[in-house]
Amino acid sequence: MTASETRTDYVLGDSQRELARLEAQAGFFAEATHDALVKAGIRPGMKVLDLGCGVGDVSFVAAGLVGLTGSVTGIDLSAGAVAMASARAAQRGLRATFEQSQIEAFARFGEFDAVIGRFILVHFPDPAAVLRGVAQKLKPGTPLVSMEMDMSTVEASAPFPLYVQHMGNIRRMYQTMGLSPDMGLKLRATYRAAGLDPQMAGFTRVGHKDEAAGFDFLAESVRSLMPALEKLGIATPAEIDIDTLSARLAAEAAATDPAIFYPRFVVAWATA
């Protein structure tokens, strides 16, 4: 990869609170992640590489699928995330190891039977170049699996303005930074631009007024993004009032009882 293809600074940061948010996010998307990896062909005995592994949750899902005869290696830019992932893997007794590395600097792609990544391509200004660079380093027949959100699909079946407002602010922030909040929608075109012919599937989590996990997930995402939202002139801390946001989301949902459509979760996979 060239310097122009390198990932932008991770806009959510790597504070301890952000690492805890990533752990909570994993539970929110755990079912979709499991189903996506099964569809993409992750199976017992495989050696899997997880790109941008964070605190390890996607790696742990993969480890459950590859079993005792397989293994998972996760790489991430953040030393703190790698340390937390390693500690959590040891606590769970999983065959998962973690290393601090940039994707473009990793030298052992040819050792793996599958390469996976969740919510990674959205952070690159040229995601097709990232896929192309990885695919060129894989042994023939290795599946390259990407899981991304499509924030254009956010909706509620009854009025829920606070939810729509904050999801809209997040989309606007990514767009202002030159990144795509609708990466899931663009996965096919991205794979094709990288010279790959993908298979695809999509999943949508539908919540309700009593599902507090969704409100907490959005509020903590906004908390992590507040510096960027303020810097870009999209929202101020006073406007966000982060410490009451989750409770206000819950109160609005209770008033109208909507079906809450969270961002579509899209998976694409292709063999190198």
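Taking first residues from region 230-244 that are surrounded by 13 or more Cβ atoms within 10 Å (Cβ to Cβ) and partners that are hydroxyl-bearing (Ser, Thr, Tyr), the Cβ contacts under 8 Å between residues at least 6 apart in sequence or on separate chains come to GLU230/THR236; LEU232/THR176; ILE234/THR176. Restricting attention to region 197-206, the residues that are closer than 18 Å to SER152 by Cβ and either free of Cβ contacts under 8 Å to residues at least 60 places away in the same chain or not polar (S, T, N, Q) (or both) total 6.
When region 219-272 is limited to residues that are over 26 Å from VAL206 (Cβ atoms) and among the polar types (S, T, N, Q), the one that is farthest from the chain's Cα centre (by Cα) turns out to be THR236. Scanning region 98-123 for residues that are over 19 Å from the mean Cα position of the chain (by Cα) and not in a loop (DSSP other than H, G, I, E, B) turns up PHE109, GLY110, GLU111. What about ASP241, is it of a type in the set (D, E, K, R) and modelled with pLDDT of 95 or more? So ASP241 fits the description; yes. Residues that are touching a Phe, Trp or Tyr at 6+ places or on another chain (Cβ under 7 Å), in a loop (DSSP other than H, G, I, E, B) and in contact (Cβ under 8 Å) with a residue 40 or more places away in the chain within region 134-170 comprise LEU138, THR142, VAL154, listed in sequence order. Listed here are the helices (runs of 4 or more DSSP H) enclosed by region 171-272 that have at least 3 residues being within 30 Å of VAL134 (Cβ to Cβ): 187-193, 212-231.
Per-residue answers, yes or no, for (1) within 26 Å of ASP150 (Cβ to Cβ); (2) among the charged types (D, E, K, R); (3) in contact with a strand residue (DSSP E or B) (Cβ under 6 Å, 6 or more places away or on another chain):
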residue	(1), (2), (3)
LEU37	yes, no, no
GLY41	yes, no, yes
VAL55	yes, no, no
LEU77	yes, no, no
ARG92	no, yes, no
ARG95	no, yes, yes
ALA107	no, no, no
ALA114	yes, no, yes
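Residue-level analysis places THR190 outside the set of residues that are farther than 24 Å from ASP57 by Cα, β-branched (Val, Ile, Thr) and at pLDDT below 95. Here ALA272 meets each of (1) at pLDDT 95 or above; (2) touching a helix residue (DSSP H, G or I) at 6+ places or on another chain (Cβ under 6 Å); (3) farther than 18 Å from PHE28 by Cα with one exception, condition (1). Being within 28 Å of SER224 (Cα to Cα) and of a type in the set (Lys, Arg) is the filter; apply it to region 12-51 and report the residue that is modelled with the highest pLDDT. Filtering region 12-51 for residues that are within 28 Å of SER224 (Cα to Cα) and of a type in the set (Lys, Arg), the one modelled with the highest pLDDT comes out as ARG17. Each residue in region 45-89 was checked for being part of a loop (DSSP other than H, G, I, E, B), free of Cβ contacts under 8 Å to residues at least 60 places away in the same chain and surrounded by 22 or more Cβ atoms within 10 Å (Cβ to Cβ), and 4 of them qualify. Note on region 140-178: among residues that are surrounded by fewer than 19 Cβ atoms within 10 Å (Cβ to Cβ), of a type outside the set (Ser, Thr, Tyr) and within 18 Å of VAL122 (Cβ to Cβ), the one that is nearest to the chain's Cα centre (by Cα) is ARG171. Scanning region 202-218 for residues that are of a type in the set (Gly, Ala, Ser) and closer than 16 Å to MET151 by Cβ returns GLY202, GLY207, GLY214.
The values are calculated or read from the model by the stated rules, or taken from the named source; none is laboratory data. Since the structure is predicted, the reported quantities are computational estimates derived from the model, not experimental observations. Because the Cβ atoms are built from the backbone with ideal geometry, glycine has one as well, and the counts that use them run over all protein chains shown.
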